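Just below is one structure, and these are the notes that go with it.
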Amino acid sequence: MRPGEVNLMIAGRGISHQEFSTPDTTFLHGAQLWFALPDSTRNMPPTFEHYAPKPVVGNGTEVRVFIGSLAGSTSPVNTRTPPILGAEAVLRAGSRLELDLDPEFEHGILLDTGDLRLDGNEVPVDHLVYLSPGRGRVVLEAGDVPARVLLIGGEPLGEQIIMWWNFVGRSHDEIVAYRAAWQAEIDVEPAPEPAGGTYPDGTPYPRFGPYPEGMPAPLPAPTLPTVQLRPRG
C-alpha cells in the first residue's frame, strides 16, 4: 500500500492476519480505522479489497475518497455496511475547501498535519472534531502551513457492541467464546474441535484460520478481566 491508498480487511466472522513492511522501510505514517459491521453482515466470510483513489483537484486542494462518496468522487470499495465515508483532503497553505456533507451522517475531521480552520475555528493537530448529524456543509481553510485532513463519517450504527482486545461482539459471552476459540485454534489453550466442524453459532471451524506455515507465531489473547464486559453504543 502506498500513500493515498486504502486496504480494507473485513474480518466478518473472524480472521487472522500478518502485517509486513518492505525491507527498506524505516518510517510508516498512516491511519488504521476500524468500523463495526451491522448485525446483518457481521458473521459474513472475511474479505479484502485494495483501492487507489484518483484525486479530485481543486484550487490548491486535493481530495481522495477511499470509502463512500464525496466531492463528486465515489469509491468502489464495498464495506458491507450502510453508507459510510472515508476521505483524505490536502490543502496548500492559504487554500480553502468547501465540501457538501450528507446531513444523515455524523462526521469526524482529524487534522493530521499543518494549520487548519474548520468553519472559521482553529483545529489542533492530532485532534478529531466531531460533527453531529444535520450538518450539510463544511468549510476547511489552511493557514500558513499546508494541511492534511482525514474525514470520516456515516449513519449512526444504532446497535450496541462490545469490543475487547481484537474481538468485537454483542455480549460478554460472545467475547468469551471468541477468545476461547482463538486460543484453541492457535494451540495456546488447547480444546477439542467443535462437533461436526461447526461452532455453536454456525461458524465453520476454524473461525480465524487458516494459519499458513512459515509465518510468525500468532499473538495470544490477554487474560479476560474479572468483570462483566459492558456494551457501548
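Read-outs throughout are calculated quantities, based only on the coordinates presented, and are distinct from any laboratory measurement. If you're wondering where the values come from, they're calculated on a predicted model, not measured in any experiment. Please note: Cβ atoms are built from the backbone with ideal geometry, for glycine as well, and neighbour counts cover all protein chains shown.
By the count of neighbouring beta-carbon atoms within 10 Å, fewest first, Ser73, Ser21 end up ordered Ser21, Ser73. Shape descriptor for region 160-233: Rg over Rh equals 0.98 (Cα atoms; Rh from the Kirkwood inverse mean 1/r). The angle between the Cα long axis of helix 172-185 and the main principal axis of the chain comes to about 70°, on a 0 to 90 degree scale. On the beta carbon distance between Leu224 and Phe35, with R0 = 22 Å, the FRET formula returns roughly 0.35.
Put in line by how crowded their Cβ is, counting other Cβ atoms within 10 Å and starting with the fewest, His107, His17 read His17, His107. Applying 1/(1 + (r/R0)^6) with R0 = 41 Å to the Cβ-Cβ distance of Gln160 and Phe27, what FRET efficiency is obtained, to the nearest 0.05? It comes out at approximately 0.60. Only one residue of Ser132, Phe20, Pro45 has its Cα farthest out toward the positive end of the dipole of the chain, where Lys and Arg carry +1 and Asp and Glu -1 on Cβ, and that residue is Ser132. Computing FRET efficiency as 1/(1 + (r/R0)^6) for Val176 and Arg96, where r is the C-beta to C-beta distance and R0 is 45 Å, gives about 0.30. Between Thr47 and Ser73, the distance separating the two model label sites (each 7 Å from Cα on the Cα→Cβ line) works out to 2.2 nm. Working note: Debye formula, equal point scatterers on the alpha-carbon atoms of the chain, no solvent; log10 I(q)/I(0) at q = 0.08, 0.09, 0.11, 0.17 Å⁻¹ is -0.38, -0.48, -0.70, -1.27. Each Lys and Arg adds +1 at its Cβ and each Asp and Glu adds -1 at its Cβ; summed about the Cα centre, the chain shows a dipole of about 200 debye. Region 6-83 and region 128-158 have Cα centres lying 18 Å from one another.
The loop-placed GluC sites (Glu not before Pro) in region 22-124, going by DSSP, that have at most 16 neighbouring Cβ atoms within 10 Å of their Cβ come out as Glu104.
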